[in-house]
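What follows is one structure encoded as structure tokens, with my remarks underneath.
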Amino acid sequence: MENLLFDIVVALTMGLVGAVVFAAIGLVSGTDETTTLAPVTLLVVLLGVPPVGVFTFWMAGAISKHMTHAIPTALLGIPGDTMAVPLLQQATVLRNLGAPHIALRKMISGGIIAAFIAVPLSVLFAVMLAPFGQSITAAAPWLFLVASLLIAYFSPGRWSSVAALFPFVLLILALQGFTGKYGVKLSVSYFLGIAIGPLIADLFSILSPMERLRMSRPGLRKFSLAPDVKGWGGYFPNPFRVLDPSQIKWTAAMAAVSSATFVFSPVAMTVILGEVVGSRVKHAYHRLTTVLSVRNGVTESTYIAEALIPLIAFGLPLSPVAAGPAAPLFNAPPRFSVDAAAGKIVNLHTMMTSWEFLAYGLLSVVLAAIVAYPFSMNYARVAAAFVSRKISHEAIIATFVGLVLVIGIWEGQLLGLLVIVTIGLVGGMLYRILGFNTGVQFMGFYMAILSVPAILKMFGL
Amino acid sequence: MTHEAATLAQVPSDARASASGLHLAEIWGDVVDIRQLGMAIVIGAVISVGTFLIAVQILGSIAPVAAIGRAYAMLAGLGGCVISGVVCARLFAPKRQVIETVADPRWRDEAMDELVKETGSVGHAADLPAVTVDEMKELGLYDTFTSYETRHAEKEA
């Protein structure tokens with residue numbers, strides 16, 4: 001009983017911290033999930049926070065960030081995150097019609113309803129898949145190989161990403177061999193290098209006179225900030241009144257469908273299911289608002305399913321979200337580790353029961369609903385104006401450069417730093433030029449540590 | 001006059017003048033001044049690595065287990081990152097121009113045209129549920145759509 005109470009207090013505290021911190025980070029447009037959520041969660045794991053605290057922190061943080069990253073998307077017309085890109089077109093039309101606040105409200109109300117549906121359904125699907133866990137773990141090295149190839153093919157780079165996977169894996173293996181000679185074993189540095197690659201590639205590019213020409217801009221970046229109108233009394237809005245009955249029905253139905261999928265990218269699911277619903281709504285205004293609610297709902301539910309199903313059923317990061325922003329829940333040495341070759345998994349999968357995942361998952365959604373949802377509904381405009389007027393991009397880049405240096409030196413002194421920069425430069429360039437995105441690169445890392453040893457063993461090497 | 005020109009007209013002249021002395025470039029999704037970015041990176045590096053190294057010295061001798069001491073030192077280092085971000089935000093102004101706008105009626109027309117392109121019509125008000133009609137009336141969009149609908153129908157005829 002005492003243990004349970006302790007767990008609940010830890011989960012509540014960590015969940016609240018996650019919700020507040022990531023609601024703030026979400027306001028800064030362009031901050032990617034993987035670059036922010038992964039390293040901070042990793043830190044929480046390494047500091048020794050109990051499992052339920054780690055899980056609630058991550059979930060509440062992710063859902064809250066999705067609530068607030070809708071603000072720049074709707075009010076400023078810039079995607080708050082890569083996952084907000086499919087919502088941009090509809091949001092822009094509504095902005096031009098003079099109703100950006102409607103776009104925002106429909107989006108995040110769809111998101112919060114979908115989150116409440118996705119948590120129990122994902123746990124249910126995971127429990128249904130769990131009996132196959134043993135055989136899946138045994139086949140993990142091969143599954144990672146197949147999943148990597150699939151995820152690569154469905155990335156923007158298509159076949160070029162599939163082909164680029166091999167030299168990229170070889171690069172990781174070579175770096176591991178090199179640092180190993182000096183007794184340095186790295187993992188966080190690879191994650192951070194991949195996650196922050198686009199920034200590192202851009203910083204190298206700006207030093208080159210050739211590239212600087214392409215990147216230089218004639219003037220300040222212009223935003224028009226749209227006015228906001230509050231449509232309800234009190235602080236807490238009711239999502240079931242923001243959406244009309246048909247929108248609630250579509251959002252719930254599509255959230256349920258997408259909770260069962262966990263290998264496709266959230267962006268792809270969002271686009272496809274949004275089209276399915278959009279083609280059934282006749283009136284243009286109603287279609288705009290319905291598609292926005294449904295799409296943001298699907299993004300949320302796919303995201304939750306992609307993290308929860310592999311975590312609960314297998315303990316292996318077998319989806320783009322699990323391999324990216326949720327990676328520290330699976331793999332955070334020395335505390336959490338995945339050794340598929342030996343069939344040994346030590347992470348949240350082994351430390352929490354399905355009931356705990358369900359309960360603390362719902363707690364995370366409640367925390368996000370209390371912290372980030374009303375905040376986005378009430379203070380969207382003030383927050384967007386503050387961030388765009390007071391927080392320069394120079395300051396954000398300085399913060400992330402500091403992060404790279406501290407994590408690199410912390411994990412592997414100079415070698416750690418060099419690995420982050422090398423992986424970041426190569427990965428970032430491949431992303432920009434080929435569309436070999438971070439999700440594929442994370443799978444490449446798992447291929448290097450899981451699939452390659454199994455393949456070598458098969459050939460008796 | 002295009003939108004660009006319309007928004008430029010609202011820009012205060014001092015903002016345009018100050019922009020001319022800068023070396024602007026787009027990095028990682030937003031516009032920065034290259035020189036200021038260089039300074040910001042140095043500040044970020046010095047403050048965060050400095051905090052981390054000092055914390056390692058202090059905590060390394062206090063913490064019972066070395067790994068825990070280093071983890072807390074990393075937390076201190078991340079605190080340093082945030083501090084350097086605050087310092088840089090105070091030193092360097094954003095290279096953005098935020099224009100407060102009430103929606104331009106011309107943008108409204110363009111948005112309507114874009115909607116028509118999708119399916120060939122904006123749809124009929126008769127297809128709408130009552131709550132949506134109320135919502136549109138509150139926004140002042142109901143008349144926009146119905147009048148567009150009639151005009152479009154006339155044009156077709």
Condition check for A:Val281: over 20 Å from the mean Cα position of the chain (by Cα), surrounded by 24 or more Cβ atoms within 10 Å (Cβ to Cβ) and farther than 20 Å from A:Leu124 by Cα:
no
Being modelled with pLDDT of 85 or more, under 30 Å from B:Thr146 (Cα atoms) and not hydroxyl-bearing (Ser, Thr, Tyr) narrows A:Trp250, A:Trp232 down to just A:Trp250
Within segment A:91-105, how many residues turn out to be without any contact (Cβ under 8 Å) to a residue 60 or more places away in the chain, in contact with a helix residue (DSSP H, G or I) (Cβ under 6 Å, 6 or more places away or on another chain) and either assigned to a helix (DSSP H, G or I) or open to solvent by 10 Å² or more (accessible area, probe 1.4 Å) (or both)?
1
So B:Ala67 clears everything in (1) in the same structural domain as B:Leu37 (by TED's automatic domain parsing); (2) modelled with pLDDT under 90; (3) within 31 Å of the chain's Cα centre (by Cα) except one condition, right? Which one?
(3)
Answer with yes or no whether A:Ile423 is among the β-branched types (Val, Ile, Thr) and surrounded by fewer than 24 Cβ atoms within 10 Å (Cβ to Cβ).
no
Look at B:Glu110 and say whether it is within 33 Å of the chain's Cα centre (by Cα), of a type outside the set (Lys, Arg), modelled with pLDDT under 80 and open to solvent by 20 Å² or more (accessible area, probe 1.4 Å).
yes
Residues that are touching a strand residue (DSSP E or B) at 6+ places or on another chain (Cβ under 9 Å), over 30 Å from A:Pro237 (Cβ atoms), assigned to a helix (DSSP H, G or I) and of a type outside the set (S, T, N, Q): does segment A:448-455 have at least one?
yes
Only one of these is open to solvent by less than 70 Å² (accessible area, probe 1.4 Å) and among the hydroxyl-bearing types (Ser, Thr, Tyr): B:Thr150, B:Thr51. Name it.
B:Thr51
Can you find a residue that is within 14 Å of chain B (Cβ to nearest Cβ), in contact (Cβ under 8 Å) with a residue 24 or more places away in the chain, crowded, with 24+ Cβ neighbours inside 10 Å and within 30 Å of B:Pro105 (Cα to Cα) anywhere in segment A:57-69?
yes
Qualifying residues in segment A:170-228 (those that are closer than 30 Å to A:Ala385 by Cβ and part of a helix (DSSP H, G or I)) - the one nearest to the chain's Cα centre (by Cα):
A:Ala195
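Run down A:Leu220, A:Leu207, A:Leu225 and say which single residue is at pLDDT 90 or above and either within 11 Å of chain B (Cβ to nearest Cβ) or closer than 20 Å to A:Ile71 by Cα (or both).
Values: A:Leu220 fails: at pLDDT 90 or above; A:Leu225 fails: at pLDDT 90 or above.
So the residue among A:Leu220, A:Leu207, A:Leu225 that is at pLDDT 90 or above and either within 11 Å of chain B (Cβ to nearest Cβ) or closer than 20 Å to A:Ile71 by Cα (or both) is A:Leu207.
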Conditions (1) farther than 22 Å from A:Val338 by Cα; (2) surrounded by 14 or more Cβ atoms within 10 Å (Cβ to Cβ); number of the one not met by A:Trp142:
(1)
Checking A:Leu47 against (1) among the hydrophobic types (A, V, I, L, M, F, W, C); (2) open to solvent by 10 Å² or more (accessible area, probe 1.4 Å); (3) touching a Leu at 6+ places or on another chain (Cβ under 9 Å); (4) within 26 Å of A:Val294 (Cβ to Cβ): exactly one of these is not met. Which one?
(4)
Being facing chain B (nearest Cβ under 7 Å) and open to solvent by 20 Å² or more (accessible area, probe 1.4 Å) is the filter here; which residues of segment A:361-395 pass it?
A:Arg389, A:Lys390, A:Ile391
Based on what the data block shows, is A:Ala332 over 26 Å from B:Gly85 (Cα atoms) and within 14 Å of another protein chain (Cβ to nearest Cβ)?
yes
Kindly indicate which of B:Gly80, B:Gly69 is open to solvent by less than 80 Å² (accessible area, probe 1.4 Å), part of a helix (DSSP H, G or I) and at the interface with another protein chain (Cβ under 7 Å from one of its Cβ atoms).
B:Gly80
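Just checking: which of the helices (runs of 4 or more DSSP H) contained wholly in segment A:1-90 hold 2 or more residues that are on the phi < 0 side of the Ramachandran plot and at pLDDT 95 or above?
Details: elements: A:2-27, A:33-46, A:51-68.
Correct list: A:2-27, A:51-68.
The values are calculated or read from the model by the stated rules, or taken from the named source; none is laboratory data. Small disclaimer: the values here were computed from a predicted structure and weren't measured. No Cβ is skipped: glycine too gets one built from the backbone with ideal geometry, and neighbour counts run over all protein chains shown. Side chains are part of the model used for accessible areas, which takes the heavy atoms of the whole protein and leaves out ligands, DNA and RNA. Shrake-Rupley method; radii C 1.70, N 1.55, O 1.52, S 1.80 Å.
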